[in-house]
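J.: Dumping the structure here so I can ask a few things about it.
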Amino acid sequence: MEIGLVGLGKMGGNMRERLRRAGHTVVGFDTNQEISDAKDLADLVSQLTAPDQPKAVWVMVPVHVVQPVVEELSGLLGEGDVVIDGGNTRWTEDQPRAETLARKGIHFVDCGVSGGIWGLENGYALMCGGDQRDIETLMPIFTALKPDGEFGFVHAGGVGAGHFTKMVHNGIEYAMMQAYAEGYELLEAADVVQNVPEAFESWREGTVIRSWLLDLICNALDNDPHLEQLKGYAEDSGEGRWTVEAAIDHAVPVPAIAASLFARFASRQEDSPAMKAIAAMRNQFGGHAVKVDHEDELSPGTPLTKGPRPSDRG
């Protein structure tokens, strides 16, 4: 297939490469012209010339940029074309966006994407929402991006279902990371355990808590056994908050997810060993590094940013 891809950052750039390896034609646009295939969105759309398929443009940008990008694309695309939002957009924004595009005959698919910086080689888990016909049209793209094998893709439902599913996925991720991190802090605090990294390594096979996140924290501990190079500070991408809010709306108890979200807030007040473990895992799968400058260390409670960065993806 032929597809446009807007946003060539940590994930978008690797997605372009994975699609090209599968034989698809990808026209990428990024504000960094050194890595861009098009000078602007109009140029990107003009390069999509396949006569036997609708123009498809995948938007992979931070959440605060999605709306202006989609608005500009709505003036460049035509009847039957499709916009795919692959960012961490809040699911409640999908239906209004789809309705606005539909007035011009443009279709809309929301697609939660997970895989981080490892997705190029491992594939991306894709959670899609939209009309069945649009999903079928785009299936060659989804097949190229998803992991090899049976799993890694779901058409979760109508518009909004993909981003809702990805939101819950990220909420679960918060809770899992928090459990590993608390276990790390307890092992570090107990004098009886002499080798914490090897304890974590021992869990990677034969135990019920083995997982990719466990592999990632083991990688981090191998490089920095006491996580001394990391600040015990962890951002939240926004989706943990949205998961808790959705749980409140539906009267569904999510105590583990809620506690893990509040723990990240607490990390901004003090240098927590558990938050160093969270930071280590986030850095391993998403490149979200917050390192200590030993020449000018931050005092406990000093925020590194003014608030959450919704552009962070897991």
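The values are calculated or read from the model by the stated rules, or taken from the named source; none is laboratory data. It should be emphasised that the depicted structure is a prediction, and the values quoted were computed from it without experimental measurement. Virtual Cβ from ideal backbone geometry, glycine too; neighbours counted across all protein chains shown.
J.: Quickly run through region 106-139 and pick out the residues that are in contact with a Leu (Cβ under 8 Å, 6 or more places away or on another chain) and β-branched (V, I, T).
T.: I106, V109, V113
J.: Moving on. In the list V113, V82, which residue meets the criterion of being at pLDDT 95 or above, assigned by TED's automatic domain parsing to the domain that holds R18 and over 24 Å from T243 (Cα atoms)?
T.: V82
J.: Of the residues in region 146-187, how many are among the aliphatic types (A, V, I, L, M) and more than 30 Å from E136 (Cα to Cα)? Don't jump to the end; show me each part of the working.
T.: If we filter region 146-187 for residues that are among the aliphatic types (A, V, I, L, M), which is where we start, we get 154, 156, 159, 161, 167-168, 172, 175-177, 179, 181, 186-187.
After this cut, where a residue has to be more than 30 Å from E136 (Cα to Cα) as well, the list is 175-177, 179, 181, 186-187.
The number of residues fulfilling the criteria is 7.
J.: Let me ask something else about it. Answer yes if at least one residue in region 247-256 is in contact with a Gly (Cβ under 8 Å, 6 or more places away or on another chain) and under 18 Å from R282 (Cβ atoms), and no otherwise.
T.: No, region 247-256 contains no residue that is in contact with a Gly (Cβ under 8 Å, 6 or more places away or on another chain) and under 18 Å from R282 (Cβ atoms).
J.: Restricting to region 238-274, and then to whatever is touching a residue at least 60 places away in the same chain (Cβ under 8 Å) and not in a helix (DSSP H, G or I), can you tell me which residue is farthest from Y174 (Cα to Cα)?
T.: Here the residue is S272.
J.: Additional query: Just one of the numbered conditions (1) over 25 Å from L187 (Cα atoms); (2) assigned to a loop (DSSP other than H, G, I, E, B); (3) in contact with a helix residue (DSSP H, G or I) (Cβ under 9 Å, 6 or more places away or on another chain); (4) modelled with pLDDT of 65 or more is not true of D312; which one?
T.: (4)
J.: Let me ask something else. Considering only region 80-176, give the helices (runs of 4 or more DSSP H) lying wholly within it that have at least 1 residues that are among the basic types (K, R) and surrounded by 20 or more Cβ atoms within 10 Å (Cβ to Cβ). Before you say what the answer is, go through the steps one by one.
T.: Numbers: elements: 94-102, 119-122, 132-145.
By residue number, 94-102.
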